[in-house]
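For reference, the structure is listed below as structure tokens.
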Amino acid sequence: MSLATVQTRAKQGIEAPAVTIEVHLSNGLPAFHIVGLPETAVKESKDRVRSAIINSHFEFPARRITVNLAPAELPKEGSRFDLAIAIAILAASEQIPTDLLDDYEFIGELALSATLRPVEAVLPSALCCAAGGRKLIISRDNANEAALVEELTVLPAEHLLDVSAHLHQRQALAPWQRVVTQPSVVNSELSDIIGQQHAKRALEIAASGGHHLLLYGPPGTGKTMLASRLPNLLPPLDNHQAIQVAAIHSVAGRSNVQQHRQRPFRTPHHSASAAAMVGGGSNPKPGEISLAHQGVLFLDELPEFQRQVLEMLREPLESGEITISRVANQISYPARFQLIAAMNPCPCGYLGSQRCVCTAEQIGRYRSRLSGPLMDRIDLQVQVSAIENQQLLNQRKQPPGETTEVVQQRVSKAWDMQLNRQGKINSELTGQQLKIVCPLNSAQREFLDQAIDHYALSTRGFYRVLKVARTIADLAGLEKPKLTQYQEALSYRSIISHE
Ligand SMILES: [Zn+2]
């Protein structure tokens, strides 16, 4: 045998397309070629593979070695193919048996000593490997992450010789034992927040229908606290979602195996660059909006973000994904996040009180950083007021506010109603679907027509009012929204331009 094939996987966005390593040994002057359009990093793996084979006391074949990474048109990056290339060379030169090779996929970087090193973004490969019915041989340091895929047999190895002993059936690699971890408890107690009934109501509606929310008010009123309570008001991630979220974090190099059931809560700073926010770069990675997929993206001090960065949010806010164009190809990342934004009423924050030092011009400039189309996509806008001193003094006399658990139960019930009725949550309804789930009688139609004129609502804005009204009706257990629900939904629009 002078030909061998071994299976491995590339990384492309959050996908992991299959790559077949073919090694052919032929007579002629000793040479070592890797073909299949590999990038520089793959060429560097020649040196590592050669050293690892020699340092494991195998023979490096003194023949003409051709390594082909197929399919050729797939862009390939990183050192993840080292192990598979080494195994294929050893198999082609009859130093290890080939009979079992097809049962496995191999992923890992080799040190010069032939120690196996971890690689980035293992989880998508693990998912695809399991779907293909093979077992995965991988560095011990990647095992925990790969083992998130429950149906996959993960065989961790420390050295090329361990893999060789396994394929020789001399010493089998022991399958990785999964450790079941309890999610760490984050502070998510809604009843810690005093007062703010109006904002809490808006937060509950946002959680119940997946609506975007703007919290508007002076500093120190608990806007950040309110936002941080949202992830735990949402129903927990299901299996499929949890794996998808973990795969995105894996590709971003931020794998957090401990917390993979929790909904993400991302809080990028307002100085964040476009690449940090939406993803990209020369070695492309998902940005904050994808790290927030199936969870919450909290943008504090919204007008302080670069205008260009904010405008880039418009596409994913509609479509739930982001496409990044590169010279060679395009990459898409999922980005179905719930946007919670917070802002002060003016640059100093104290508009309306004597402390405000802003001129009318400064206030105008501050607000004009938020474009109409962006604000149009924020379904709920709610004012968070400074808590009166008296209320703080009286807090011991007041009954405690509702707990996260109580509100979460109502939210879950509302989600169930939506999923049973239409298979998706209200924020994802199309215009056609809205006509069915929000039938308007003449009084409601008339009220909304006036609202469209008065608030200069766009079609998109109008649909968003219907969606919010549908959610309010779901929270009340109603078959269809009544006028009251449309009125409440409208009360959350455009507080900024109509205060
Ligand atoms: Zn001010």
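Inclusion of Ser319 among residues that are within 20 Å of the chain's Cα centre (by Cα), more than 16 Å from the ligand (Cβ to nearest atom), surrounded by fewer than 17 Cβ atoms within 10 Å (Cβ to Cβ) and closer than 28 Å to Pro17 by Cβ is warranted. Counting the residues of segment 450-491 that are closer than 20 Å to Gln381 by Cβ and not in a helix (DSSP H, G or I) gives 4. The C-beta contact set for segment 102-131 (first residue within 13 Å of Ala18 (Cα to Cα), second residue in a loop (DSSP other than H, G, I, E, B) and basic (Lys, Arg), distance under 6 angstrom, 6+ apart or interchain) comprises Tyr104/Arg134; Glu105/Arg134; Ile107/Arg80.
For the structure I just gave you, tell me whether Val309 is loosely packed, with under 13 Cβ neighbours inside 10 Å and of a type in the set (A, V, I, L, M). The answer is no for Val309. Here Gly195 fits the description: at pLDDT below 90 and farther than 27 Å from Ile243 by Cβ.
Of all residues in segment 225-253, those satisfying the criterion of being within 29 Å of Glu405 (Cβ to Cβ), at pLDDT below 90 and not aliphatic (A, V, I, L, M) are Pro236, Asp238, Asn239, His240, Gln241, Gln244, His249. Of the helices (runs of 4 or more DSSP H) contained entirely in segment 124-215, those carrying at least 2 residues that are among the polar types (S, T, N, Q) and assigned by TED's automatic domain parsing to the domain that holds Arg80 fall at 140-146.
Listed by first and then second residue, the pairs linking a residue in segment 438-449 that is of a type outside the set (A, V, I, L, M) and in a helix (DSSP H, G or I) to a residue that is at pLDDT below 95 and loosely packed, with under 12 Cβ neighbours inside 10 Å, with Cβ atoms under 8 Å apart and 6 or more places separating them unless they lie on different chains, form an empty list. Residue count for segment 353-380 satisfying the condition of being touching a residue at least 40 places away in the same chain (Cβ under 8 Å) and part of a loop (DSSP other than H, G, I, E, B): 7.
Residue by residue, here is whether (1) surrounded by fewer than 14 Cβ atoms within 10 Å (Cβ to Cβ); (2) part of a helix (DSSP H, G or I); (3) of a type outside the set (Asp, Glu); (4) at positive phi holds:
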residue: Ile34; (1), (2), (3), (4): no, no, yes, no
residue: Ser45; (1), (2), (3), (4): no, yes, yes, no
residue: His57; (1), (2), (3), (4): yes, no, yes, yes
residue: Phe60; (1), (2), (3), (4): no, no, yes, no
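Would you say Arg326 is within 20 Å of Ser273 (Cβ to Cβ) and more than 16 Å from the ligand (Cβ to nearest atom)? Answer is yes for this residue. Scanning segment 346-387 for residues that are closer than 12 Å to Pro218 by Cα, away from the ligand (no atom under 15 Å from the Cβ) and of a type outside the set (S, T, N, Q), we see that the one that is farthest from the chain's Cα centre (by Cα) is Ile387. Selection of segment 372-402 for residues being modelled with pLDDT of 85 or more and of a type in the set (S, T, N, Q) yields Gln381, Gln383.
The values are calculated or read from the model by the stated rules, or taken from the named source; none is laboratory data. This is a predicted model, so every value here is computed, not measured. Here Cβ is always computed from backbone atoms with ideal geometry, including for glycine, and neighbour counts include all displayed protein chains.
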